[in-house]
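The numbers here are math on the coordinates, done by the rules we state, and not lab data. All of these numbers come straight from a predicted model, not from anything done at the bench. Please note: Cβ atoms are built from the backbone with ideal geometry, for glycine as well, and neighbour counts cover all protein chains shown.
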Amino acid sequence: MLEMTNMNGANNPNRILNDCRSVDQGIDEIENDLRRLKSIQQRALDDPNASSTSPLAREVDITTQNIMTKYTGLVQRVRRIKQDPESGNPRNAPQVGKVDRRLKTAINQFQQQERDHRKAMQDQIARQYRIVRPDASDAEVREVVEDTSNQQIFSDAVSSAHEAPLARPNNALVD
């Protein structure tokens, strides 16, 4: 009788499966967070006035950090589940393996999304720099892209362009 009353204790035959279900729900939550992060990242890319200190950039950073914290917690939980001798039980092993693979897939998805976003930001910075400095060499553009402090190149250049007249190219149409 004592075994049945201790539902969360070591004697609960469903303990491993319940833990796996809980981790699975955590992965669902992270997948929702990833969709939200992707939307925020896109809004940040679409905002011509966004900088590394803008509210959108801060929201991207905070959301990313929250996702990482959740991942870390889930990885630790899966590690504890896998260390439990009952995780190898034929009743539990398939679910433990499934949740472990699903977590690894979700982590890979997050890492890919981060790489894609970083690449899109670098491409955007390169385009903006080439607009401001069309004569820039590839090496100069690469250097600017790799310098993370150059997040607001286009906005700064447009602002300074209002202070100084734009030079017209030789083949520009005159009004």
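Mean separation of Cα pairs under 8 Å and 6+ residues apart, divided by the residue count of region 13-163: what relative contact order is that in percent?
29 percent
Residue exposure proxy: Leu56, Leu74, ordered by other Cβ atoms within 10 angstrom of their Cβ from fewest to most, comes out as Leu56, Leu74. Note on region 13-163: along the principal axes its Cα atoms extend 73, 29, 17 Å, ordered by decreasing extent. Overall, region 13-163 carries a charge dipole of about 1060 debye about its Cα centre when +1 sits on the Cβ of Lys and Arg and -1 on the Cβ of Asp and Glu, all other atoms neutral. Taking 19 Å as the straight-line reach from the Cα of Lys82, the lysines in range (excluding those fewer than 8 positions away in the same chain) are Lys70, Lys98, Lys104. Placing +1 on each Lys and Arg Cβ and -1 on each Asp and Glu Cβ, with no other charges, gives region 41-124 a dipole about its Cα centre of roughly 560 debye. Sorting Tyr71, Tyr129 from the fewest to the most surrounding beta carbons within 10 angstrom yields Tyr71, Tyr129.
As a calculated quantity, the FRET efficiency between Arg130 and Gln65 at R0 = 41 Å, using C-beta atoms, amounts to about 0.80. Around the Cα centre of region 27-80, unit charges on the Cβ atoms of Lys, Arg, Asp and Glu (plus for the first two, minus for the last two) sum to a dipole of about 320 debye.
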